Amino acid sequence: MKIASRKLVPLAILGALGLIALLINANPPEVPQRAPFTGPQMVVDTLPVMRRDYQVLLQSYGTVQPRTQTTLIAQVGGQIVAVNPNVRDGGFFEKGDVLASIDSRDYEADVRIAEAALMDARQALAEAEARTVQAKEDWERLGNAGEAPELVLRLPQLEAARARVISAQSALQKSKLDLERTDIVAPFAGRILRKLADIGQVVTVNTPLAEIYATDSVEIRLPLKNRDLGFIELPERYRNSAATAPAATAVTIRSELFGGDSWDAELIRTEGAIDESARQLHVIAQINDPFSHSSEDRAPLKIGQYVTAELTGKQLSDVLVIPNTAIYQGSYVYVVEDGLLQRRVVDIAWQNDDEAIISDGLQHGDALVTTSLGQVTSGIRVSTTGDLRNNRADRGKAEPGSSDNGVAGAN
């Protein structure tokens with residue numbers, strides 16, 4: 001009996017523990033759970049996307065180059081005996097000014113020699129004409145029938161005398177032209193780019209004297225991005241046809257060299273080929289009269305000066321324009337729709353440094369998120385600063401004198 005009692009005690013304990021476990025599983029304790037958070041997780045700024053007219057302004061750059069540039073060349077040889085005081089690097093001159101003079105004494109002597117040769121040729125011609133008249137009279141006096149032969153009338157000798165007169169006239173004309181060329185005359189109003197010869201120097205034919213350029217206008221060669229070509233009227237001309245653009249395209253030229261001066265210019269032509277190195281099309285802008293008295297309040301333009309250009313493009317109607325800061329990785333934006341943050345993939349038709357024209361992905365009236373976002377998930381609940389201000393105003397009306405510290409992070 002004692003042995004049986006010892007065996008039954010452990011079994012009774014195990015049975016009691018099992019019963020307790022069954023009772024616990026049948027009625028588990030209830031743990032209160034927090035309801036899921038359904039309020040906004042962040043506050044963002046939004047901008048309503050609106051269709052509007054938009055003036056496209058294209059950006060480019062280039063260097064100032066003369067429209068007309070040439071090298072003064074000596075057309076006769078000799079010693080330079082005089083140089084215009086304005087013939088210095090950067091000096092201005094007017095059309096017709098004598099820029100330098102070459103010793104003309106040899107050429108004056110050549111003129112006198114040519115004049116004497118012409119007088120001698122004319123005297124020989126007069127004698128030849130007299131002999132021809134006398135030969136014709138003799139032929140008729142002798143009663144010869146028909147026309148006298150040319151040799152009898154001395155016509156070949158007459159033609160030779162006339163030719164010598166023409167030759168002497170040409171020699172005199174050339175001598176006078178050489179004498180005239182001893183004065184180097186400015187072909188246009190311009191400026192000295194570089195002086196190459198000076199007084200006392202002996203020059204020969206084709207010796208460079210100075211590099212000059214015209215001051216009536218300067219040009220800037222401007223590259224255009226391929227994406228910009230559809231947003232500007234290019235000045236294309238074919239033979240005698242008018243330009244395809246209804247009016248000249250306005251261009252504003254700016255330079256930071258002397259503190260941000262600007263000049264008005266216009267596009268005058270388009271190059272006929274794509275640049276092989278940059279794979280871009282270039283247009284030419286022209287500034288007329290850049291050194292006029294009206295521009296004395298600005299520093300004068302310098303050849304080779306780097307400038308930036310703003311070209312007036314097309315006027316677009318009914319387009320969606322958004323700030324670049326709202327675009328992520330150049331392909332998508334965020335909008336707020338029914339209180340939820342939604343990601344939208346957009347197509348950019350054109351873009352500058354500040355704004356972008358959207359061709360697809362957004363609709364008129366969309367609430368575009370302009371707050372800079374980090375790693376966020378599309379679909380999270382947000383509130384806008386406008387909603388926050390409205391809520392504050394409503395609470396202020398309902399509870400005068402009450403204070404509201406707002407939501408952290410609101411702008």
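The values are calculated or read from the model by the stated rules, or taken from the named source; none is laboratory data. In this text the structure is predicted, and so the values were computed from the model without any measurement. Don't worry about glycine lacking a Cβ; one is built from the backbone with ideal geometry, like all the others, and counts go over all protein chains shown.
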Inside segment 314-334, can you point out the residues that are part of a strand (DSSP E or B) and buried (at least 20 other Cβ atoms within 10 Å of the Cβ)?
320, 322, 333, 334
Exception for residue 331 within (1) in contact with a Phe, Trp or Tyr (Cβ under 6 Å, 6 or more places away or on another chain); (2) farther than 14 Å from residue 56 by Cβ falls at (1)
For segment 72-108, name all the residues that are in contact with a helix residue (DSSP H, G or I) (Cβ under 9 Å, 6 or more places away or on another chain) and among the aliphatic types (A, V, I, L, M).
76
Pairs only if they're at least six apart or on different chains, beta carbon under 8 angstrom, first in segment 275-288 and farther than 19 Å from residue 228 by Cβ, second part of a loop (DSSP other than H, G, I, E, B); list them, first residue then second.
286/67; 287/301; 288/216
Matching residues in segment 347-381 (within 40 Å of the chain's Cα centre (by Cα), in a loop (DSSP other than H, G, I, E, B) and touching a residue at least 24 places away in the same chain (Cβ under 8 Å)) number 13
Take the residues in segment 119-156 that are of a type in the set (Asp, Glu) and either part of a helix (DSSP H, G or I) or modelled with pLDDT under 80 (or both); name whichever of them is nearest to residue 172 (Cα to Cα).
120
Go through the residues of segment 113-125 one by one and say whether even a single one is more than 30 Å from residue 160 (Cβ to Cβ), of a type outside the set (Ser, Thr, Tyr) and crowded, with 19+ Cβ neighbours inside 10 Å.
no
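Conditions tested, residue by residue: (1) on the phi > 0 side of the Ramachandran plot; (2) aromatic (Phe, Trp, Tyr).
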| site | (1), (2) |
| --- | --- |
| 258 | no, yes |
| 262 | no, no |
| 269 | no, no |
| 283 | no, no |
| 315 | no, no |
| 318 | yes, no |
